[in-house]
Amino acid sequence: MSWKTVCGYAVSDGVPRRSLWVALIVGTILNLINQGDIFLSGQRPDFTKLLLTYLVPYMVSTYGAVSFRLHAAQTAATRQT
């Protein structure tokens, strides 16, 4: 496994798009749970928390997709030998 392979899997075959959708849905739900009272009161939200709440689901989703592809490639290579 090389970093080039990992990065290639992270940006291929719709992974970024699926990860973005996961981040938008999960991030929005988590932001409403964690900072919903701030939004409703009209106060300024903590933008670092706001961004991280979207970034973490994106990274987790991407990690899951890359891990799956690495495992599938390893399994296919093992079966060929």
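Show the residue pairs that are 6+ apart or on different chains and have beta-carbon atoms under 7 Å apart, the first residue being within segment 63-81 and within 21 Å of Val11 (Cβ to Cβ) and of a type in the set (Lys, Arg), the second being modelled with pLDDT under 95 and in a helix (DSSP H, G or I).
Arg69/Tyr9
For the condition modelled with pLDDT of 95 or more and either more than 30 Å from Ala76 (Cβ to Cβ) or out of contact with any Gly (no Cβ under 9 Å at 6 or more places or on another chain) (or both), what is the one hit in Arg18, Arg44?
Selected residue: Arg18, the only one of Arg18, Arg44 that is modelled with pLDDT of 95 or more and either more than 30 Å from Ala76 (Cβ to Cβ) or out of contact with any Gly (no Cβ under 9 Å at 6 or more places or on another chain) (or both).
If I filter segment 47-78 down to residues being over 15 Å from the mean Cα position of the chain (by Cα) and among the polar types (S, T, N, Q), which single residue comes out as nearest to Ile33 (Cα to Cα)?
Filtering segment 47-78 for residues that are over 15 Å from the mean Cα position of the chain (by Cα) and among the polar types (S, T, N, Q), the one nearest to Ile33 (Cα to Cα) comes out as Thr48.
What's the total number of residues in segment 1-50 that are assigned to a helix (DSSP H, G or I), touching a helix residue (DSSP H, G or I) at 6+ places or on another chain (Cβ under 7 Å) and not aliphatic (A, V, I, L, M)?
8
Given the criteria of a type outside the set (A, V, I, L, M), surrounded by 12 or more Cβ atoms within 10 Å (Cβ to Cβ) and out of contact with any strand residue (DSSP E or B) (no Cβ under 8 Å at 6 or more places or on another chain), does Gln43 qualify?
no
The values are calculated or read from the model by the stated rules, or taken from the named source; none is laboratory data. Just so it is clear, the model here is predicted, and its values are computed rather than measured. Glycine gets a Cβ as well: all are built from the backbone with ideal geometry, and neighbour counts include every protein chain shown.
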